[in-house]
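Everything below concerns the one structure shown next.
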Amino acid sequence: MSSDDRPLPEVRFLTVAEVAAVMRVSKMTVYRLVHSGELPAVRVGRSFRVPEQAVHDYLRDAYVEAG
């Protein structure tokens, strides 16, 4: 079995609208994050799909302690 035959880990992709709902921001904000490269995404046709883990990573890295 070559390395090309190994199954890919299962990745859950979210739509821009789903990412916006999770992050509680507008869809336009999500598009800006994708276009700036801050949030990785895959283009499927004319739309984008964002790996769910990338959203969690972004939020974790963007977290700021208040005070």
| query | Which of the trypsin sites (Lys or Arg not before Pro) across region 12-67 are loop residues per DSSP, with 11 or fewer other Cβ within 10 Å? | reply | Arg12, Arg24, Arg46
| message | Using the crude model of +1 on Lys and Arg Cβ and -1 on Asp and Glu Cβ, and no other charge, please compute the dipole size for region 6-67 relative to its Cα centre, in debye to 20. | response | 340 debye
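The numbers here are math on the coordinates, done by the rules we state, and not lab data. Model, not experiment: these values are computed from the prediction. Positions of Cβ are backbone-derived with ideal geometry, glycine not excepted, and every protein chain shown enters the neighbour counts.
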